[in-house]
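Student: Before I ask anything, let me first share the structure, which is written out below as structure tokens.
The values are calculated or read from the model by the stated rules, or taken from the named source; none is laboratory data. Only a predicted model underlies this, so the values are computations on that prediction, with no experimental measurement involved. Don't worry about glycine lacking a Cβ; one is built from the backbone with ideal geometry, like all the others, and counts go over all protein chains shown.
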Amino acid sequence: MSTTALPEESEAALTESQRLLYTFTAPAKTMADLRRNASWWVPWLLVSIVSVGFAYTLDKKIGWAQAIETQIQANPKAAAQIEQQAPEQREKDLKIKAAVAGVISYAAPLVTLLTIVVMAGLGLVMFNFGFGAKLRFGELMGVAAYSQLPSILYYLLIIAVMFLVAPDAFDMNDPIATNVGYFIPHTMPLLKTVLGALDVFMLWQVFLLAVGISQLSNVKKGKAFAAIFALFFLFKLAGAVFIGM
């Protein structure tokens, strides 16, 4: 008596909770599920909430004026320029910079959304034209949004640090030792930037982006990782050169 083989059941759709959990434990499952449903708003909302919490904590525990002052003193060129100003002008400029930084920090949800859009756009151009992939913008929005989730842990660690250090000891540019550049003095900005690019959380996000690209296209994960890391590194290096000019 013969039996007819039943077709394999397709992999079950993930719930949003499973997507969030698997981003940290089995990212390939989350990224593959984006082909079914490319919704990105939940990770964006979670990152936005924590980033606003970070901004609030910095405002209350450190103070934006103090954070900006520490940042200026860490840059020898900027410190020399501000020392040439009259005390009144220096105080005025510091208040303006602190106010601007505060406004931008509380606009973190918009900044995060813009970051996701830009990452999706760059990924579309890079991989569809450079690697012959057939990715869709909506899918890449999802990949970019879920790849931002490790930043929640990053913000929480920094918030914890702000409760443990004196306000004038908090360095907004290097708040925690998650990269080798943290241990390089500010008098060596280029080396600090190069080694700072090898940041645990940045590499984690690049890895998640690469997993997403490989799950949704024919691009191998290693190639995707190398291409994305090179782009991130160039942007970081260009920013450091611009600031140092």
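Student: If residue 47 passes every condition in (1) in contact with a Leu (Cβ under 9 Å, 6 or more places away or on another chain); (2) among the aliphatic types (A, V, I, L, M); (3) free of Cβ contacts under 8 Å to residues at least 40 places away in the same chain but one, which one does it miss?
Tutor: Status for residue 47: all satisfied but (3).
Student: For region 148-156, does any single residue satisfy the condition of being free of Cβ contacts under 8 Å to residues at least 40 places away in the same chain and not charged (D, E, K, R)?
Tutor: No: zero hits.
Listed here are the residues, each with its yes/no results for (1) surrounded by fewer than 16 Cβ atoms within 10 Å (Cβ to Cβ); (2) touching a helix residue (DSSP H, G or I) at 6+ places or on another chain (Cβ under 9 Å); (3) farther than 21 Å from residue 161 by Cβ.
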position	(1), (2), (3)
19	no, yes, yes
27	no, yes, yes
70	no, yes, no
78	yes, yes, yes
88	yes, no, yes
99	yes, yes, yes
108	no, yes, no
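Student: Which condition breaks for residue 184 when tested against (1) surrounded by fewer than 20 Cβ atoms within 10 Å (Cβ to Cβ); (2) modelled with pLDDT under 95; (3) within 20 Å of the chain's Cα centre (by Cα)?
Tutor: Residue 184 satisfies every listed condition except (3).
Student: Oh, and also: Quickly run through region 131-162 and pick out the residues that are surrounded by 18 or more Cβ atoms within 10 Å (Cβ to Cβ) and not in a helix (DSSP H, G or I).
Tutor: Result: 133, 135, 148, 149.
Student: Of everything in region 31-41, what is within 15 Å of residue 209 (Cβ to Cβ), under 19 Å from the mean Cα position of the chain (by Cα) and not in a loop (DSSP other than H, G, I, E, B)? Give them in sequence order.
Tutor: Of everything in region 31-41, just one residue is within 15 Å of residue 209 (Cβ to Cβ), under 19 Å from the mean Cα position of the chain (by Cα) and not in a loop (DSSP other than H, G, I, E, B), namely 31.
Student: So which residues in region 52-106 are at pLDDT below 90 and not in a helix (DSSP H, G or I)?
Tutor: Matches in region 52-106: 75, 84, 85, 86.
Student: Can you name the residue in region 110-130 that is of a type in the set (Gly, Ala, Ser) and crowded, with 18+ Cβ neighbours inside 10 Å and is also nearest to residue 53 (Cα to Cα) among such residues?
Tutor: My answer is 120.
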